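Note sheet for the following structure.
Each value in this text was obtained by applying a stated rule to the coordinates, not by laboratory testing. Quick caveat, the model's predicted, so the values are computed rather than measured. In this analysis, Cβ positions are derived from the backbone assuming ideal geometry, glycine residues included, and neighbour counts consider all displayed protein chains.
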Amino acid sequence: MPEENNNQNTKPPLPSEKSDETKPSGDPQLPQQLRNLRPPMPPKGQRGFMGAMLIIMLLLFGMMFYNDMVNPKRKISMTQFWTYVDNNQLTGELKVHPDSIEGRVANVPLAKDQPAAFYVDYRYETDQNFSEQLMVRLRKAGSKVEVVYPPASWWSTGMLQNLIFTVVLFGLLWFFLFRKIGTAGGAGFLGNFGRSRHRMMTKEQSKIKFSDVAGIDDAKDEVAEIVEFLKNPGRFSRLGGRVPRGVLLIGPPGCGKTMLAKAIAGEADVPFFSISGSDFVEMFVGVGASRVRDLFKQAKDSSPCIIFLDEIDAVGRKRGTGFVGGGHDEREQTLNAILVEMDGFESSDQVIVIAATNRADVLDDALTRPGRFDRQIHVPLPDLKGRYDILKIYAERIKTSPDVDLNRIARGTSMFSGADLAALVNEAAIAAAMANKDLVDQQDFEEARDKVRWGRSRRSQAVDESERKLTAYHESGHALVQYLLPNADPLHKVSIIPRGSAGGATFALPEKDRHYYSKNYCEAHIRVAMAGRVAEEIFCGDISSGAASDIMQATAIARSMVTEWGMSDEIGFVRLAPREDQQAFGDALKNDYSEKTGEVIDHSVKKILDYALADTRKLIQENRQHVEKIAEALLKYETLSGEEVAKIVKGESIDRPSVEELIDAELPSSTESPSAAKAE
């Protein structure tokens, strides 16, 4: 323990703390952090040069505007000048310069604070008859004004002012640019543009481990050898092997690519250089390549280490495919610099480059060839077990109730990324805190999941009773068909509470993650989407625009069945959907099939939808009484669980208070008289 006390006594003071003894910034006994806090003062010679330049600039502008301040003049047109001449309104001297005319007027009504002196912009050298015409018109008007032709001088022509201004301007440019860059080695003024803007985490700051990363176990196993190489490089060099110089992490946004790269650095206990692809590109040509060279130089000096290039597609796109071609494109120069630097790696450098992107299809082939990013690791969306592990990690950071079933939440969050799950847990904690709960319960997690996926519920929105009834029958149609069809996902709950842009919603709870879609599942999904519109038509005698998203979803599935998945008898085993590399150009490219084939596609899609619509209408007609009971229950309770829908279909009753009963139960407590409260 004496060593700990000694360390505490020798702890350097914080920058904000005041010390009794003030030490100069150059004192070698002062910590380096405190010496760096004070910006270095320029030498006295440089400060004197800057002061002299500023004084010259001030004198120059003073000389330029002094005459205008002492003798203010107003500018007039040439037509107005001849009017003064013809009306004999000139007085004093009339100075005729090569480019202007100066004079004064008399007996002319002028506005307040308007000077009698004037000037006209005119170059009489181009008009040989100007002097003769001026004298003729002055004599005709009987004017006694004296015409003077001052000799041209540097000051009158503005040459001296321009010369002084140019000298001072170039002096300032020399001081701030060329001298700074030359003496500081590119670290002055604009020199910093060439420096890398990476963020560095030292070995002490890299606290993320593989245990903090869940849901991507296969990716963690694949990068384990990189950690071993950084820890023990001799194990590979003994047999002549070479660890990949670059690792490309590919996956959708929010799947943990950046966290995995940080975990590699944390497990290997090495520095971590992080920079985004967009940080390389600037308005100045060549800056990106300079930053690449600076980044790799600092990384080699700090080896063993990891360089992480996030969003590499910002500079690594295919060359020659854009509208700006050739080698003068800034992004292409930056990419070329990355390629050259990665080729310059030696096996003894111990620098691993890790890049992340969600657009691997647009990367240049030279970037992904062996010897550069020669290993590509896919970081997919987490499966059911992965979502459970991610929820478990984030749930340990908040106070949860014992009744929380993370497995049930993981089942209901299909296609959620790790970032979505983190937001879900955070939203659940916020909802529990707003409700003044001591623990986060299952209801908070359910509401947070619906909020992340579909938006916040709008309970305060005033809904017309006829629209509320139509929504109830619409959602009851979805819920019943979802419950009855064996190939559809199990029903989780149905609600007529507005959420996001929807007036109601029906939620499914998949039993497993689906990597493939069977034909029976697609047809069941189409029928569930159509059930809302069919229920409106049968029970309300009208249809609404609330089925717009259902129509879009059903049409997309049917068209994918025909053009992508070969589930149509008319089209057969052939892909007719646009390729991924064509979608970026939109409608500019023609289809890969004839017009006749397009008609067959439209006919096949319409056939699938018509058959599903007839089957859905028949199913709802046969279970008409169940749809009505579910709609009545929705109007009464607003939200029904999958188990409650099953009870309604089986003819059982729901034993819980309705929304109106809950409101009535809260009214007495809120309207309690003050005298009764005082008596208690």
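Treat each spin label as a single point 7 Å out from the Cα along the C-beta direction, and report the VAL574 to PHE130 distance in nm.
A separation of 8.2 nm, rounded to one decimal place.
FRET efficiency for ARG293 and LEU239, Cβ-Cβ distance as r, R0 = 41 Å, nearest 0.05? Display every interim value, and only then the final one.
Numbers: r = 33 Å, r/R0 = 0.80.
With R0 = 41 Å, the Cβ-Cβ based efficiency is 0.80.
Give me, ordered by chain and number, the residues 5 or more places off SER276 or on other chains with an amide H under 5 Å from its own placed amide H.
Close amide H contacts, sequence-distant or interchain: ASP310.
Can you give me the C-alpha center-to-center distance between the range 300-316 and the range 551-574, rounded to a whole angstrom?
Answer, in whole Å: 43.
Can you bin the range 384-454 into rounded, prolate or oblate? Criterion: square roots of the alpha carbon gyration tensor eigenvalues sorted a ≥ b ≥ c, rounded for a/c under 1.5, prolate for a/b above b/c, oblate for the rest. Display every interim value, and only then the final one.
Working: a/c = 1.76, a/b = 1.41, b/c = 1.25.
Verdict is prolate for the range 384-454.
For the range 470-515, what class follows from the C-alpha gyration tensor (a ≥ b ≥ c being the square roots of its eigenvalues): rounded when a/c is under 1.5, otherwise prolate if a/b is larger than b/c, else oblate? Present the calculation step by step, with values, prior to reporting the outcome.
On the way: a/c = 3.06, a/b = 1.60, b/c = 1.91.
Since a/c reaches 1.5 but b/c is at least a/b, the shape of the range 470-515 is classed as oblate.
How many nm separate the modelled label positions at VAL167 and GLN625, each set 7 Å beyond the Cα in the direction of the Cβ?
For VAL167 paired with GLN625, the spin-label model returns 10.7 nm.
Per-residue counts of other Cβ atoms within 10 Å, averaged by peptide: what ranking do you get for 486-496, 537-547, highest first?
Values: 486-496: 19.5, 537-547: 14.6.
In decreasing order of mean packing, 486-496, 537-547 become 486-496, 537-547.
Holding the Cα-Cα limit at 29 Å, pick out from LYS493/LYS606; LYS451/LYS636; LYS220/LYS493; LYS220/LYS512 the pairs that are longer than that. Kindly include the intermediate steps, with their values, before the conclusion.
Working: LYS493/LYS606 31 Å; LYS451/LYS636 23 Å; LYS220/LYS493 36 Å; LYS220/LYS512 23 Å.
Among LYS493/LYS606; LYS451/LYS636; LYS220/LYS493; LYS220/LYS512, the Cα-Cα distance tops 29 Å for LYS493/LYS606; LYS220/LYS493.
Which shape class applies to the range 465-663: rounded if a/c is under 1.5, otherwise prolate when a/b exceeds b/c and oblate if not, where a ≥ b ≥ c are the square roots of the Cα gyration tensor eigenvalues?
Numbers: a/c = 2.26, a/b = 2.15, b/c = 1.06.
In terms of gyration-tensor shape, prolate.
If I stretch the segment between THR79 and ALA433 completely, what's the gain in nm (0.36 nm per residue apart, minus their alpha carbon distance), one decimal?
Details: separation 354, 0.36 × 354 = 127.44 nm, distance 7.95 nm.
Stretched out fully, the THR79 to ALA433 stretch lengthens by 119.5 nm.
Please give the charge dipole size of the range 76-150, origin at the Cα centre, charges +1 on K and R Cβ atoms and -1 on D and E Cβ atoms. Round to the nearest 20 debye. Don't skip to the answer; put the middle values down first.
On the way: 8 positive and 10 negative charges, 66 e Å.
With only Lys, Arg, Asp and Glu charged at Cβ, the dipole is about 320 debye.
What nm value, rounded to one decimal, do you get for the distance between GLN376 and ASP655 when each label is placed 7 Å out toward the C-beta?
It works out to 5.9 nm between the two label points.
With r defined as the distance between the Cβ atoms of GLU465 and ASP610 and R0 fixed at 35 Å, what FRET efficiency is calculated, to the nearest 0.05?
Numbers: r = 34 Å, r/R0 = 0.97.
The calculated FRET efficiency here is 0.55.
Work out, step by step, the length gained on full extension between LYS399 and LEU384: first 0.36 nm times the residue separation, then minus their alpha carbon distance; give nm to one decimal. Each step should come with its number before you reach the end.
Values: separation 15, 0.36 × 15 = 5.40 nm, distance 2.30 nm.
So the extension gain works out to 3.1 nm.
Starting at the first residue of the range 332-337, write each ³J(HN,Hα) from the Karplus equation 6.51 cos²θ - 1.76 cosθ + 1.60 with θ = phi - 60°, in whole Hz, x for Gly and Pro.
5, 5, 5, 4, 4, 5
So for TYR516, TYR119, fewest C-beta neighbours within 10 Å to most, what's the order?
Values: TYR516 6, TYR119 16.
Ascending number of Cβ neighbours within 10 Å: TYR516, TYR119.
What residues have an amide H closer than 5 Å to that of GLY504, excluding those fewer than 5 places away on the same chain, when H is modeled at 1.01 Å from N in the peptide plane?
Here the answer is ARG499, since their amide H atoms fall under 5 Å of that of GLY504.
Which whole-Hz ³J(HN,Hα) couplings does the range 294-300 yield from phi under the Karplus relation 6.51 cos²θ - 1.76 cosθ + 1.60, θ = phi - 60°, glycine and proline marked x?
Couplings: 5, 5, 5, 5, 5, 5, 5 Hz.
Could you size up the charge dipole of the range 465-663 around its Cα centre, putting +1 on the beta carbon of Lys and Arg and -1 on that of Asp and Glu, and report it in debye to the nearest 20?
Working: 24 positive and 33 negative charges, 52 e Å.
So the dipole magnitude of the range 465-663 works out to roughly 240 debye.
Per residue of the range 387-402, what does 6.51 cos²θ - 1.76 cosθ + 1.60 with θ = phi - 60° give for ³J(HN,Hα)? Whole Hz please, x for Gly and Pro, Karplus curve as stated.
Listing the rounded values in order: 5, 5, 5, 5, 4, 5, 5, 6, 5, 5, 8, 10, 8, 10, 7, x Hz.
Give the long-range amide H neighbours of LEU94: residues separated by 5 or more places, or on another chain, with amide H under 5 Å away, using H modelled in the peptide plane at 1.01 Å from N.
For LEU94, the qualifying residues are GLU146, VAL147, VAL148.
Cut-off is 10 Å between beta-carbons; in what order do PHE130, PHE445, PHE229 appear when sorted fewest neighbours first? Don't skip to the end; give the middle numbers.
Details: PHE130 15, PHE445 28, PHE229 22.
So the residues, fewest neighbours to most, are PHE130, PHE229, PHE445.
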